[in-house]
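In what follows, a single structure is set out as structure tokens and then discussed.
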Amino acid sequence: MHALALFGHGGPEQLRYVNDLATPEPGPGEVRVRVVATGVNHVDLVVRRGYPGVTMPFPHVPGGDVAGFVDAVGSGVSGWRVGDRVVSHPMVSCGTCGLCLRGDALLCVRWQYLGLHRWGGYAEYVVVPSANLVALPATVGFEQAAALPVAGLTAYHALHTVGELQEGETFFLWGGAGALGTFAVQLARRRGARVIATASSEARMADLARLGCDLVLDRRHDDVAARVAAFAPEGVDVALDFVGPATFATSHAMLRKGGRLLLCGMITGRETTFSIHMTYLKHASIRGLYLGTHAELEALVGLVASGDIVPEIGAALPLAEAVEAHEMLERSAVAGKIVLAV
Ligand SMILES: [Zn+2]
């Protein structure tokens, strides 16, 4: 099969297009998906450079987003047939640990992430457990679907479940024009929240205004904390921060008393310091998260099928140009999701 495979950790040059990888066979309970579209995510950059604590044999196929057709079905699989249009949940859970058994498969202690612990979507074929699949209605295109498993699902889980964002609350996020951001802005608006988002170019700020943000700030030139304080004098109810140490202190300081700070990324680094004092004085909650549940992915697919949420596709490139896609992501070249046609 053809694939865009990683041949070592490092820069984009470690990604090479190949057409001689063995096509994987589905085992019991698994299906093989003919990938039509996959997405590029920040975590792919981390995998490429070397994910902390995870070692992998090379070549390795990255990619957490999988949208395509069921191509082959392993033994014991029911409910799926060759040719079904599907999108895959990006995490494989063990089904036997205590957290799985109590129904929290998302928190599985033996979790495997597509494109990290096992081969992912940057390939013609990928094998996943049939339990990971979500049926794709004909009204949802494969490129749109490829934006959902990582970026869309994380935004959905962050706002609906972890952040408990309510109607009338104020929601703040950095980098609102990215893939996760464009979903988060739409989902927050749909929940009736007031939305403040930052961007770092005039074009991306215009995108955020188009998506319905109530306040759009220029991360390069605006005093973000002061502008947010003027807009929401008591602080924001929920802040979403996937940037990391570069923005954490400001995110924390912008929270209202009782506010929630959601962490789901580390673009500028893994560690930071914070004020224990201000955290308890504020009754602040710092909540971490990744991805979302299978049921949440189904709900999100439904919202896209009905037109309530429209995935922003900033660029669609052939798989062979994944190196260019990584570089575009690193320099925030487009609004929304960068997808790869496989
Ligand atoms: Zn488990």
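Of note:
- The overall shape of the chain, judged from the alpha-carbon gyration tensor, is prolate: a/c is not under 1.5, and a/b is greater than b/c.
- Residue ranges 226-235, 40-49 sort as 40-49, 226-235 when ordered by packing (mean number of other C-beta atoms within 10 Å per residue, highest first).
- In a DSSP loop and with at most 16 other Cβ atoms within 10 Å, the GluC sites (Glu not before Pro) in the range 139-193 are Glu164, Glu167.
- Probe 1.4 Å, all protein chains present, accessible-area order of His9, His221, His157, largest first: His221, His9, His157
- With DNA, RNA and ligands ignored, accessible area of Trp80 (1.4 Å probe; Å², nearest 10): 50 Å²
- Rough spin-label spacing in nm, given labels placed 7 Å along Cα→Cβ, for Ser306 and Ile286: 3.7 nm
- Reducing the range 73-128 and the range 130-194 to their Cα centroids gives an inter-centroid distance of 20 Å.
- With all protein chains modelled, accessible area of Cys100 [1.4 Å, Å²]: 20 Å²
- Among residues other than Leu303 with Cβ under 12 Å from its Cβ, the summed charge is -1 (Lys and Arg +1, Asp and Glu -1).
- For the range 215-342, taking the reciprocal of the average inverse distance between every pair of different Cα atoms yields a Kirkwood hydrodynamic radius of 17.3 Å.
- Residue-level accessible surface for Thr139, protein heavy atoms, 1.4 Å, Å²: 100 Å²
- The chain - share of DSSP beta bridges that are antiparallel (%, nearest 5): 50 percent
- The alpha carbon centroids of the range 317-342 and the range 1-62 are separated by 15 Å.
- A full extension of the chain between Leu45 and Thr161 corresponds to an added length of 39.1 nm, given 0.36 nm per residue minus the alpha carbon distance.
- Per-residue HN-Hα couplings for the range 133-139 [Karplus 6.51, -1.76, 1.60; θ = phi - 60°; Hz; x = Gly/Pro]: 6, 10, 5, 9, x, 4, 7
- In the chain, taking the dipole from charged Cβ atoms about the Cα centre, the farthest positive-side position among Ala225, Ala203, Ile267 is held by Ala225.
- For the range 142-253, the Kirkwood estimate of hydrodynamic radius, built from reciprocal distances between every pair of different alpha carbons, is 13.9 Å.
- Dipole of the range 187-303, positive end: most advanced residue of Phe248, Leu215, Ile276 [Cβ charges, Cα centre]: Ile276
- Of every Cα-Cα pair in the range 1-157, the percent that sits beyond 21 Å: 44 percent
- Dipole size of the chain about its Cα centre, with +1 on Lys/Arg Cβ and -1 on Asp/Glu Cβ: approximately 580 debye, rounded to the nearest 20.
- Positive-end extreme of charge dipole, the chain - chosen from Ala295, Leu136, Pro12 (charges on Cβ): Ala295
The values are calculated or read from the model by the stated rules, or taken from the named source; none is laboratory data. These numbers were taken from a predicted model, which means no experiment stands behind them. Cβ sites come from the backbone with ideal geometry, for glycine too, and all protein chains shown count toward neighbours. Just so you know, the surface numbers come from the protein's heavy atoms only, side chains and all, with ligands and any DNA or RNA stripped out. Shrake-Rupley method; radii C 1.70, N 1.55, O 1.52, S 1.80 Å.
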